[in-house]
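J.: Structure below; questions to follow.
The values are calculated or read from the model by the stated rules, or taken from the named source; none is laboratory data. Computed from a predicted structure; not experimentally measured. Positions of Cβ are generated from backbone atoms using ideal geometry, with glycine treated the same way; all protein chains shown enter the neighbour counts. Areas reflect the complete protein model, heavy atoms only, side chains present, ligands, DNA and RNA absent. Shrake-Rupley method; radii C 1.70, N 1.55, O 1.52, S 1.80 Å.
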Amino acid sequence: MALLEASELEIRFGGVKALAGVSFHVEAGEIFGVIGPNGAGKTTLLNAISAVYRLDGGAIRFDGADVTGLRPHRLSRLGIARTFQIVQPFKAMNVRENVAIGAMFGHARLRTRADWLAAADAALERTGLAPKAELMPPQLTLADRKRLEVARALAMGPRIILFDEVMAGLNHTEIERMIDLVKSLKQAGLTVVIIEHVMKAVLALCDRIMVLNFGAKLAEGAPSEVVSDPKVVEAYLGQRFAKAHASAQVAAGGAP
Ligand SMILES: Nc1ncnc2c1ncn2[C@@H]1O[C@H](COP(=O)(O)OP(=O)(O)OP(=O)(O)O)[C@@H](O)[C@H]1O
Ligand SMILES: [Mg+2]
């Protein structure tokens, strides 16, 4: 069954269509990947689904109900949680309190400070951040700040989590840990949408992928089909694999 269904989504900035008639669905329990070049509209898509941006056209259904036009906190309480590409924790609150904010604003049923903190503690356990609960965000590494974003989303008690580049800037070991974390969320029954440039993670995690290019859907399907689609290679993967190849040669001391 489709948990999330988007039809003909349209977002315009001035005269520019950042999303032009994008339709897709996400099945309950799957990991759905969204890839594409910089500026393709991936973050805009996430902002459209989470109502950070108002749609200029189209409709969104969640769990069979029309949720088009609902405000962000209503969507959170229905079970749609997200992370932000630019990580922005509250610097004056410790890690545990930052995560509790997710429960306070986003959880449908929790009402007391004790409940919010308990939800935060559970989310910190799940993300491996429990030992750092009392630290302040500026004391965290980038990888841990990304985990903090995931923990805050989990504290909302979501049914679906939308991740915007949680692997960006992480080293190989950190990426492996984040892949394991996302896998554990799927195993626990969550539905996941990931926007990601790190193809190793996309291929390790996703059941299906959609490729965006210039605000429109370029391709969609099983990862193995999509990455060998000539249109996708030309618009996106060709450049990325060429770049990865060049940097590998530089790292090995060869000519770029
Ligand atoms: N708030 C905004 N106001 C004006 N233009 C915007 C706004 N947000 C996004 N855009 C434009 O919409 C287009 C899509 O941007 P978006 O951030 O969705 O790309 P992206 O696929 O997430 O890219 P990246 O991989 O670099 O994160 C770009 O041309 C961008 O400049
Ligand atoms: Mg983006």
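J.: Find which of Q139, L129, W116 sits farthest along the positive direction of the dipole of the range 98-193, computed with +1 on the beta-carbon of Lys and Arg, -1 on that of Asp and Glu, about the Cα centre.
T.: Towards the positive end, the residue furthest out is W116.
J.: On to the next question. Please report, to two decimal places, log10 I(q)/I(0) for the chain at q = 0.11, 0.16 Å⁻¹ as given by the Debye formula with identical point scatterers on the Cα atoms and no solvent.
T.: Normalising to I(0) and taking log10 leaves -0.60, -1.22.
J.: What figure, in Å² to the nearest 10, do you get for the accessible area of K200 with a 1.4 Å probe and non-protein molecules left out?
T.: K200 exposes around 90 Å² with every protein chain in place.
J.: Then there is this: Give me the distance between the Cα centres of the range 1-75 and the range 76-145, rounded to whole Å.
T.: 24 Å
J.: Heavy atoms only, probe 1.4 Å: what % of the accessible area of the chain goes to carbon and sulfur, would you let me know?
T.: 56 percent
J.: So, one more: Over the range 89-158, give the accessible area per residue in Å² for a 1.4 Å probe, as an integer.
T.: I get 47 Å² per residue for this part.
J.: So which chymotrypsin sites (Phe, Trp or Tyr not before Pro) in the range 65-148 are both in a DSSP loop and have at most 13 other Cβ atoms within 10 Å of their Cβ?
T.: F90
J.: Hey, got the Cα dimensions of the range 89-158 along the principal axes, in Å, largest first?
T.: The principal-axis extents, from largest down, are 32, 21, 17 Å.
J.: Once the convex hull of the alpha carbons of the range 5-69 is built, what does its volume come to per residue, in cubic angstrom?
T.: 81 Å³
J.: Sequence neighbours fewer than 8 away in the same chain don't count; with that in mind, list the lysines whose C-alpha is under 17 Å from K183.
T.: Excluding near neighbours in sequence, the set is K146, K200.
J.: Can you give the log10 of the normalised intensity I(q)/I(0) at q = 0.22, 0.23, 0.32 Å⁻¹, computed with Debye over equal Cα scatterers of the range 192-238?
T.: The Debye formula, applied to the Cα set alone, gives -0.74, -0.81, -1.48.
J.: Also, I was wondering about something else. Rank these by accessible area, largest first, 1.4 Å probe: R152, R159.
T.: I get R159, R152, largest accessible area first.
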